[in-house]
Amino acid sequence: MRVSAIIPAAGSGTRMGTPTPKQFWVVHDRPLIVYTLQTLARSDFIQEVAVPTSEDGLPLLQDFVRRFHLDGKVQIVRGGESRHYSIRNGLLALSPADVVIVHDAVRPFVFEEIFRPLAEAAWEHGAAGTVMPLVDTVLAVTDDGFMERSLDRRLYRASQTPQAFRYEILKRAYENAAEEEMLHSTECLELARRAGARVKLLQGSPFFWKVTYKPDIYTAERLAMERSRQVAIVTGGSRGIGQKVAESLADRGLKVAVVARDEEVETVARHIGGMAVQADVSRPDEVQRLFDAVLERWGRVDVMVNNAGTARWRKLADMGDEEWQEIVDTNLSGAFYCTRAAFRAMVESGNGGVIINIGSSSISGGRVGEGAYAASKAGLVALTETTALEGKPYGIHAFTVVPRRTDTALRRALYPDEKDADLLDPSDVARVVTFCATEWMPHLSGQSFWVK
Ligand code: CTP
Ligand code: MG
């Protein structure tokens, strides 16, 4: 089946009320319309894409097509005075196809899985649309602003895009439409129906909603973030700060691989619906196994939290080689092995990501009996800063989160007599880690965030 698409993008977004039309609003690192176009460009199912846009939009879109490597499939054409005229211009620019998909530029989170069933339904019936049940009830109104009656919500659906049409039907629909209709109606399915299609309606999605008013931009920003941060690995995740971080990231919708040496990791992973990996991060072969498992299952790593740590209270003069080595191997080398593997996976995916190292307030000012621990944690700061510099070209960010003394089992083992009131709650630390993992902070990287 030969399938083309038209992405109307010539509107001015009057309901948004901003000078820049909504399709050109930059959401994180790219304009809204680029999300839409990238999904279409990725889909092997669609062979040709026409984008009708306004006079001002032409140079902008030409630039996006170049910058985001959309050339090949996408051609930009002049839009029209109304959405219908824009779509018609797109149709005239396309070579004849079997089916044409129409999708608004300002519904950026369409997923490509819908294209095939939609096109097949259109091929069979002449046209097909996506719909959702109504959220609000609908009132029929009088010209002077009074309610006439309410409609039975169950009998109606809200129309979304994508929609699909047999090429011939859409052509005929536009040939037949009167000027008044071309200017003032907005529903292509209605024109197709009158051109002979029996319009099939498929289940749409809340994610196909149209960015229309100001609050929609905020939703789009959150969803864009969610899409770029999907999979996290948290080491030392069976208890303390790591457990709280794993829980908090899972609450934000991330898939979380929980890593620890002990079996408790199973309980935490089960509780959050994540993946448990029992591994010792101080061993490169085990880190390799961890990444193999995560990439095999989820195909990507977007957030790496190096939290695994060990400590022992021992003055430097009394410390044995093995004790020193074990602490440095876990706290510093372990973070390096995971950073290296995560970095490679993030470069490979092309999505970038964030690597967060959990430091300790002992890195500053020193602490009697915590020499190996403090030295290894201080090393993490330098590791973070280097990761930030080397990660910049790939969109990889790195942060150190430095908690003050925190109420964890590790700490209680070191200082059994410490009073609760002096200690931070691990959840407070997890909140800062989650912030670093899920906020869009394009110009921040390499920083240490102290939690006090
Ligand atoms: N559209 C178009 N040509 C027009 C008007 C609209 O291509 N003359 C496109 C818009 O760019 C958008 C889609 O049709 O991608 C859906 O329209 P809508 O949400 O109404 O966008 P705008 O018309 O830009 O917004 P508003 O109605 O608030 O002015
Ligand atoms: Mg409009």
Item to check | Residue list for the stretch 153-169, filter: free of Cβ contacts under 8 Å to residues at least 40 places away in the same chain, open to solvent by 60 Å² or more (accessible area, probe 1.4 Å) and outside any helix (DSSP H, G or I) | outcome: Y156
Item to check | Evaluation of G395 against (1) under 26 Å from A220 (Cα atoms); (2) open to solvent by less than 20 Å² (accessible area, probe 1.4 Å) (one fails), failing number | outcome: (2)
Next on the checklist: Quick check on L58: is it free of Cβ contacts under 8 Å to residues at least 24 places away in the same chain, more than 15 Å from ligand 2 (Cβ to nearest atom), outside any loop (DSSP other than H, G, I, E, B) and not basic (K, R)?
Outcome noted: yes
Checklist entry - What number goes with the only condition from (1) surrounded by fewer than 21 Cβ atoms within 10 Å (Cβ to Cβ); (2) within 13 Å of ligand 1 (Cβ to nearest atom); (3) within 29 Å of V99 (Cβ to Cβ) that G17 does not pass? => result (3)
Checklist entry - Out of all the residues in the stretch 38-55, which are open to solvent by 10 Å² or more (accessible area, probe 1.4 Å) and free of Cβ contacts under 8 Å to residues at least 60 places away in the same chain? => result Q38, A41, D44, Q47, E48, S54, E55
Item to check | Considering residues of the stretch 77-106 that are near ligand 1 (Cβ under 8 Å from one of its atoms) and outside any helix (DSSP H, G or I) only, the residue most open to solvent (accessible area, probe 1.4 Å) | outcome: E81
Checklist entry - Taking the stretch 6-35 as the search range and keeping residues that are assigned to a helix (DSSP H, G or I), within 16 Å of ligand 2 (Cβ to nearest atom) and of a type outside the set (F, W, Y), which one is farthest from P108 (Cα to Cα)? => result K22
Checklist outcome for this item: Counted residues in the stretch 227-273 being farther than 18 Å from G309 by Cα, of a type outside the set (G, A, S) and not in a loop (DSSP other than H, G, I, E, B) come to 12
Next on the checklist: Here is a check on your reading of the model: is I33 touching an Asp or Glu at 6+ places or on another chain (Cβ under 8 Å), open to solvent by less than 10 Å² (accessible area, probe 1.4 Å) and within 12 Å of ligand 1 (Cβ to nearest atom)?
Outcome noted: no
Checklist entry - In this structure, is E112 in contact (Cβ under 8 Å) with a residue 60 or more places away in the chain, charged (D, E, K, R), open to solvent by 10 Å² or more (accessible area, probe 1.4 Å) and out of contact with any helix residue (DSSP H, G or I) (no Cβ under 6 Å at 6 or more places or on another chain)? => result no
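The values are calculated or read from the model by the stated rules, or taken from the named source; none is laboratory data. Everything numeric here is computed off the predicted structure, so don't read it as measured data. Note: ideal-geometry Cβ built from the backbone for every residue, glycine included; neighbour counts use all protein chains shown. Surface areas here come from the heavy atoms of the whole protein model, side chains and all, with no ligands, DNA or RNA. Shrake-Rupley method; radii C 1.70, N 1.55, O 1.52, S 1.80 Å.
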